[in-house]
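Novice: This structure is in structure tokens; I'll ask about it shortly.
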Amino acid sequence: MADKSQVCSVWLGSETGILKGVSLSKKQAFNFCEMSCLSRDQEVCVLGWGDQHETEVLVGSVNGTVKTFSTEKGIFTETRQCGESTQGRFTGLAVTDSALITCVETGLLRVWKEGSTDTVEINAGTNVCRMRQNPSQRNQVATGGKENGLKVWDLERPETPIFTSKNVRNDWLDLRVPEWVRDMAFIPDSNKIVTCTGHHQVRVYDPASPQRRPVLEAHFGEYPLTALSLPANQDSVVVGNTHGELAILDLRKGLVRGCLKGLAGGVRGLQCHPSLPLVASCGLDRFLRVHSLEDRSLQHKVYLKSRLNCNLNSSAATGDVEEVKEEGGEVDEVWDTMEMINDQAKKRATDEEEAVVTGVEKTTKKRKVVK
């Protein structure tokens, strides 16, 4: 199992609670799970790296547990209870040098310090959809959600946010514009933050500027945007929506550069490679897809049997693969033990029963006519 986990270049979390690893160079996919406790409340919400060397994957589940998976050993090494299912799903996981950071839908942002039972709790507001860490300043995180605008927090001074966005001005009917932040990312080598909303808007905020309203706003499509990621070139952003549409937007002019085709379901996970012009996406259609950002062609396509919630890319380079076959592993044992239902025999029996009922009805009608 350890050899399998070491070659995986993309990690994915599914609704069934299975952590999936895909090796694009070896054309293989693997399942990593504990069959003894596999249940619906083990559904994977978020994934994150446990260290900068990418030897640990943090897996956040619906039941409030955070598991640590070792990519070197190929096993789960630790399980921590970091919340309750009543507090909502995890919306983000992050780590610093000495702490674990978690955030749930109810807005409870916690900092779990190593070797201490004390936790720092921050109220980020209700209906939080996403929490993201600043890669260049790991003590800063951003939060946002439905009717909960973008906020940036300094975990060393958690009393108040260091930046709170302001809603855009009223529309042409002088009506308030609703807010719904679905995802965000810190733009490297700057203070700017890009967000996508459930009202198909892409906005750029600059905490260093005097205004708290967005300095750039663009629109894509007509459906809610669910995820975004920044490519390595840093002057564009990739966004995905609930109808399986992916697009590349220019952050300088706010224009759509092009669309990525091939998806058949809503996008839930989206991440660009840190150094290569590639973007990996997953969602409701159960496929992992890797597109090239240069010619927008589909490079890899992997069917993974379960609806996927999130993905996590390693910094390793990927090979040239068209389609990858999944190795079921332990999960195939469950399918093998299931009883097979013969649909044709069942349909034939149903047709015979209907014919008998029809014959009885016709005989009854004839008797009534004779009388």
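Novice: If you rank 243, 273, 200 by how much accessible surface each has, with a 1.4 Å probe, what is the order from largest down?
Specialist: If we order 243, 273, 200 from most to least accessible, we get 243, 200, 273.
Novice: Further, regarding this structure: Measuring with a 1.4 Å probe in the full set of protein chains, what accessible area per residue, in whole Å², belongs to segment 176-220?
Specialist: Normalised by residue count, the accessible surface of segment 176-220 is 43 Å².
Novice: For segment 203-218, just list the computed ³J(HN,Hα) in residue order, Karplus coefficients 6.51, -1.76 and 1.60, θ = phi - 60°, integers in Hz, with x standing in for Gly and Pro.
Specialist: Couplings: 10, 10, 10, 10, x, 7, 7, x, 8, 9, 7, x, 8, 8, 9, 9 Hz.
Novice: Could you tell me the largest-minus-smallest coordinate of the C-alpha atoms of segment 177-306 on each of the three principal axes, in descending order and whole angstroms?
Specialist: Cα spread of segment 177-306 along its principal axes, largest to smallest: 48, 32, 22 Å.
Novice: List the residues, sorted by chain then number, that are 5 or more residues from residue 300 or on another chain and whose placed amide H is less than 5 Å from its amide H.
Specialist: Placed amide hydrogens put 290 under 5 Å from residue 300.
Novice: Points 7 angstrom from Cα along the Cβ direction at residue 154 and residue 26: gap in nanometres?
Specialist: About 4.6 nm separates the two model spin labels.
Novice: Of 27/73; 67/305; 20/151; 67/146; 67/151, which sit over 24 Å apart, Cα to Cα?
Specialist: From 27/73; 67/305; 20/151; 67/146; 67/151, over 24 Å: 20/151; 67/146; 67/151.
Novice: I need the phi-derived Karplus couplings for segment 191-197: 6.51 cos²θ - 1.76 cosθ + 1.60, θ = phi - 60°, integer Hz, Gly and Pro marked x.
Specialist: Karplus-based 3J(HN,Hα) across segment 191-197 equals 9, 7, 10, 10, 10, 10, 10 Hz.
Novice: Convert each backbone phi in segment 279-290 into a coupling constant with the Karplus relation 6.51 cos²θ - 1.76 cosθ + 1.60 (shift: θ = phi - 60°), then list the ³J(HN,Hα) values in order as whole Hz, x for Gly and Pro.
Specialist: Ordered by residue, 3J(HN,Hα) equals 9, 10, 9, 8, x, 6, 7, 6, 10, 9, 10, 10 Hz.
Novice: What size of dipole, in debye to the nearest 20, comes out for segment 177-306 about its Cα centre when the only charges are +1 on Lys and Arg C-beta atoms and -1 on Asp and Glu C-beta atoms?
Specialist: Roughly 240 debye for segment 177-306.
Novice: Next question. Amide H of residue 219: which non-local residues (sequence gap of 5 or more, or other chain) have their own amide H closer than 5 Å, using H built in the peptide plane?
Specialist: 202
Novice: Order the peptides 61-71, 250-260 from the highest to the lowest mean number of other Cβ atoms within 10 Å of their residues.
Specialist: Final packing ranking: 61-71, 250-260.
The values are calculated or read from the model by the stated rules, or taken from the named source; none is laboratory data. As the structure is a prediction and not an experimental result, all values here were calculated from the model. Positions of Cβ are backbone-derived with ideal geometry, glycine not excepted, and every protein chain shown enters the neighbour counts. Surface accessibility is based on the protein's heavy atoms, side chains included, excluding ligands, DNA and RNA. Shrake-Rupley method; radii C 1.70, N 1.55, O 1.52, S 1.80 Å.
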